[in-house]
Every structure is written in structure tokens, then in C-alpha cells.
Amino acid sequence: MLSKTSLFGPITARKYKGEWSGIQESAEVWNVAGSSIVEISTEATGNIAAESSRDLMKKLLQQQDLLPLQPGMSKTGWALNKLLHSEDPVADPFMLLRQGGYNLYFRHAQPENTVDDDVMLSALGREQAWRLGELLTARKIPIQLPVSASPINRARQTAEIAFSQQNVQIEPRLVQRELDQLLETAPEEGLNQIFVAHRHHFNNQLNPNKKFDYLNMVLLKPLGTGKGYNVVHVLNLLKEALIKYDSTVSKLTIK
């Protein structure tokens, strides 16, 4: 049954507890596809005290132009509706990667040129590779070791800078016809497999109008040996990290 389910995206949540007007309150905030919903719970003794606190909180929220859910709609129903109608099913790619179970295919970082296979990374390319390794470590993304890299210099060097040389294995199939067979293999439970290589067609699953640039990542869901894989998304993780960082400037404060 689980193999037939559809992945719509992650739901991240935070919980806050405190005292307001002498009453214990807790707030659970769900962030879904760029929108938020807050569930507020009151710990009060007796129905009268609970209803009084509820009415007071409801009035306060209405004064702040915060809208309640429509009657009959649950918090989960609201979240699923947001995910179903979201243009981007991967609202938080780092949350998705922390779950494990994916193959992450990176195009190598920027080389000095693309004239021959012996060319090495440019100074910018080396910095890109280093930043990628630091980012995945900082975001606690579970990685299956060793990481697989194409034997061509620019891919091998990208992997070794990002993940260190002792954690990289050279995989000749990344430049041969067996590449798609390699990408359909599932990682160990709770981990993600990483492949560093070159441009690829991914069985024509990529949007032809979407550029697959240096160090972009194709997020793949492997279906098992002989069953292929699905392209979930194409991402620039370094850019996504900057977007997520900038978004933390705006915070919700409840007084």
C-alpha cells in the first residue's frame, strides 16, 4: 500500500508553551508550502474557565486579522489542501533530505573549462564544492558512505572537496550506459546516496526548459532494481540555503 502513496511534501512544526493572563497556553505552528497555521490550546480547570480563555483568545486573534479555519475543516485537512495546490511540492528540501531514502545526483562544480576530461575545477568551483559539503553537514543530512563520483577529474575533485577523499569511491558506471541502473538502487534505510557526475537526461524526466547548472542537484526517488526511479525535483541547494536563511528574518511573536 505504501508503494502506491504520493509524496506531497514535508510539514514542519514548532511548539511553544507559556503563561498568558495567568492561564497556561500552548501554541503549535505548522509551516506548509509557504503558509502557516497555529493551533492554540488552553490548560484551564473547569469548562467556564476554559470557555472564557477561548473567547478571549479568539477576540485577540480577530483583532490581529488572523482568520479561523472554516467550520468542519481540520488542521490536517488544511495542510493537505495547501500541499495539493502548491506549485512546489518540496517546500523545505532540507527537511525532506533528513528523512533519507533518496538518491542525490549532483552535477560537478564549475571547472576551469570544458575542453577535455583532464580539466580541474576553477577557484569558484572549489569554493562551491566546499560550501556544499559544509552545508550538508550543518543541515545534518544523513549520507551513505562512500559517495560515488565519476572518474572524470571535475566530478572526482568536486566529491573529494565536498566529502573528503577517504569518503569517495570512483564509479565508472556514472559515465556509461549503466548509469540509470545505478540510480534506481535504493540507499540504506534512513540514508541518502550521493552521486557526483555530469549532465544526464534522467530518462527524459527533466523539464527541458529548466537549466541543469553546475552543482545543481536532481532529487531522485529510487524504485528498486529493474523498476527505475522518479525525479522529484531539481534544486540548487546553495541557493535554497540562502533563501531559507533570509526567511528567518521574519518571526512571529505572540504577546
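Bear in mind these aren't lab numbers, they're just calculated from the coordinates by the rules spelled out. Bear in mind the structure is a predicted one, so any value in this text is a computation, not a measurement. Positions of Cβ are backbone-derived with ideal geometry, glycine not excepted, and every protein chain shown enters the neighbour counts.
Sorting check: for 190-201, 163-174, which peptide has the highest mean count of neighbouring beta carbons within 10 Å, and how do the rest follow?
Details: 190-201: 19.5, 163-174: 15.5.
Ranking, from highest mean packing down: 190-201, 163-174.
So, by mean Cβ neighbours within 10 angstrom, what's the order for 124-130, 74-80 with the highest one leading? Spell out each step's value before the answer.
Details: 124-130: 17.9, 74-80: 13.7.
Most protected by this proxy first, the peptides run 124-130, 74-80.
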Item to check | Å³ per residue enclosed by the Cα convex hull of the range 148-203 | outcome: 85
Checklist entry - For residue 223, which sequence-distant residues (separation of 5 or more, or a different chain) have an amide H within less than 5 Å of its own amide H, given hydrogens modelled in the peptide plane? => result 228, 229, 230
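Counting every Cα pair in the range 93-247, what percent are over 25 Å apart? Provide the component values of the computation, followed by the final result.
Values: 2696 of 11935 pairs.
For the range 93-247, the share of Cα pairs beyond 25 Å comes to 23 percent.
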Next on the checklist: Show me the ranking of peptides 137-146, 11-20, 100-109 by mean Cβ neighbours inside 10 Å, starting with the highest.
Outcome noted: 100-109, 137-146, 11-20
